[in-house]
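What follows is a set of notes on a single structure, which appears directly below.
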Amino acid sequence: MSATGSAAGVASGYDRRRELQAFDDTKAGVKGLVDAGVTAIPSIFHHPPESLEDTTTSPPSCTDGAFAIPVVDLSAAARREDVVAQVRHAAGTVGFFHVVNHGVPEGLMAGMLAGARRFNEGPAEAKRALYSRDQARKVRFGSNFDLFQSAAANWRDTLFCDLAPDPPLPEELPEVLRNVIMEYGDAVMKLGLRVSELLSESLGLSSGHLREMGCMESLHAVCQYYPPCPEPHLTFGIKSHTDPAFFTVLLQDGSTGGLQVLVDRGGGHRRTWVDVPPLPGSLTVNIGDLLQLVSNDRFRSVEHRVPAIKSKDPARVSVASFFNTDLKRSTRLYGPITDGRRPPLYRSVTAQEFMAHFNSVGLDRCPLDYYRLERHTLRPAV
Ligand code: OGA
Ligand code: NI
């Protein structure tokens, strides 16, 4: 698919590139369209009907036995080897797990979500001033980072903040979340380090291994804002994708669910989308592509998505925190850590190159496939 026109765009003869540019030029994001009272969504947001097919059905909830997203208790009382075993199982199957007793205060989580909501529902001028596609800016607002790469845009706006290793100056951050986001970032970094120890141990490595490899050097927080959509059956809040970095800590709004994950039930069953309803007080961890690569497929970076929010529902807010290498300074090559049983499935790559590849293709294609060694592409068993 070219950057200048999707198949749908060409077929209906509209100038997709011009529409994208006009939307980008408003610097007001999707919320700007909603505020302007649109009742039909612009064509640039139309996704192919086949990708939307199973969004309106009610998929089995993840609390139904076979589909359960594991809940990992991080309190000191739990036995280490049990926790490590739970993390290993979750990371190697569904790729997602909730954490409870994680040490991030509930008031801080609520404050973070409220700050993200206030920013997005606040004055358009404050958002316009931060609107940028320049990745060098530590704090920026935007809608669809891959607007000009993807075949279809998503019904969501985003505030991006690089929190570590070079945090922004306080005055670079919107006032409505200035204090809370720095405090939240510190708490999530502490939690992330604990999770990285469990993940390292789950791979049979020493607890500091992933940290010492540089996987925890940077923290990038993304406040996602999903406004209600007048035609939710035609688009997504965020289409199916995998997260590119090492792992993600997701804070979901406790009252509005929406996250769905593609679950493999095994035994030749078709993979199924299931809801991941927010578990009050919990945070959700998911494995990213770079961790799947270094774990040589022992951990899985699994597709997930958020359908568009219906117009009668309130806007949904979430905060995703991505852990990665220091993309400015690191020159380290990341390749599979093999356990001696399987040859490496990927070629080595720097995190910068991996992320640059992700940013150039957007959410439409998983960057992992690009680095997978061809002779090991999966073939049906004979
Ligand atoms: C993401 C993401 C899910 C959510 O930001 O990569 O998948 O619940 N977010 O907003
Ligand atoms: Ni994601």
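The values are calculated or read from the model by the stated rules, or taken from the named source; none is laboratory data. Every value quoted in this text rests on a predicted model; they were computed, and no experiment measured them. Using ideal geometry, Cβ is built from the backbone for each residue, glycine included, and neighbour counts are taken over all protein chains shown.
Points to keep in mind about this one:
- Single condition Ile337 does not satisfy, out of (1) within 25 Å of Val263 (Cα to Cα); (2) more than 14 Å from ligand 2 (Cβ to nearest atom); (3) in contact (Cβ under 8 Å) with a residue 40 or more places away in the chain: (1)
- Scope segment 284-301; condition surrounded by fewer than 24 Cβ atoms within 10 Å (Cβ to Cβ) and farther than 19 Å from Met355 by Cβ; matching residues: Thr284, Asn296, Asp297, Arg298, Arg300
- The lone exception for Val72 - which of (1) under 17 Å from Thr248 (Cβ atoms); (2) out of contact with any helix residue (DSSP H, G or I) (no Cβ under 7 Å at 6 or more places or on another chain); (3) aliphatic (A, V, I, L, M); (4) not in a helix (DSSP H, G or I) it fails: (2)
- Strands (runs of 3 or more DSSP E) lying entirely in segment 232-282 (those with 3 or more residues that are within 11 Å of ligand 1 (Cβ to nearest atom) and out of contact with any helix residue (DSSP H, G or I) (no Cβ under 6 Å at 6 or more places or on another chain)): 236-241, 247-252
- Looking only at segment 341-356, and only at residues there that are among the charged types (D, E, K, R) and assigned to a loop (DSSP other than H, G, I, E, B), the one that is surrounded by the most Cβ atoms within 10 Å (Cβ to Cβ): Arg347
- Gly267 meets each of the listed conditions (1) under 20 Å from Glu303 (Cβ atoms); (2) surrounded by 18 or more Cβ atoms within 10 Å (Cβ to Cβ) apart from (2).
Each row is one residue, and each column tells you yes or no for (1) acidic (Asp, Glu); (2) within 19 Å of Leu219 (Cα to Cα); (3) within 16 Å of ligand 2 (Cβ to nearest atom).
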{"position": "Trp273", "(1), (2), (3)": "no, no, yes"}
{"position": "Asn286", "(1), (2), (3)": "no, yes, yes"}
{"position": "Ser321", "(1), (2), (3)": "no, yes, yes"}
{"position": "Leu327", "(1), (2), (3)": "no, yes, no"}
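- Extreme residue, surrounded by the fewest Cβ atoms within 10 Å (Cβ to Cβ), among residues of segment 357-366 that are out of contact with any Asp or Glu (no Cβ under 6 Å at 6 or more places or on another chain) and in contact (Cβ under 8 Å) with a residue 40 or more places away in the chain: Ser360
- Checked against (1) part of a loop (DSSP other than H, G, I, E, B); (2) more than 20 Å from the chain's Cα centre (by Cα); (3) under 18 Å from Leu173 (Cα atoms), Gly103 passes all but a single condition, namely (3).
- Residue check, Ser255 touching an Asp or Glu at 6+ places or on another chain (Cβ under 7 Å) and of a type in the set (Gly, Ala, Ser): no
- Count of residues meeting criterion [touching a residue at least 40 places away in the same chain (Cβ under 8 Å) and among the small types (Gly, Ala, Ser)] in segment 31-49: 2
- Listed by first and then second residue, the pairs linking a residue in segment 301-318 that is more than 14 Å from ligand 1 (Cβ to nearest atom) to a residue that is of a type outside the set (Gly, Ala, Ser) and modelled with pLDDT under 95, with Cβ atoms under 9 Å apart and 6 or more places separating them unless they lie on different chains, are Asp313/Thr256; Pro314/Asp253; Pro314/Thr256.
- Test: residue in segment 339-361 that is away from ligand 1 (no atom under 16 Å from the Cβ), modelled with pLDDT of 95 or more, out of contact with any His (no Cβ under 9 Å at 6 or more places or on another chain) and aliphatic (A, V, I, L, M): yes
- Of the residues making up segment 122-146, those that are at pLDDT 95 or above and either among the basic types (Lys, Arg) or part of a loop (DSSP other than H, G, I, E, B) (or both) are Gly122, Pro123, Lys127, Arg128, Ser132, Arg137, Lys138, Arg140, Ser143, Asn144.
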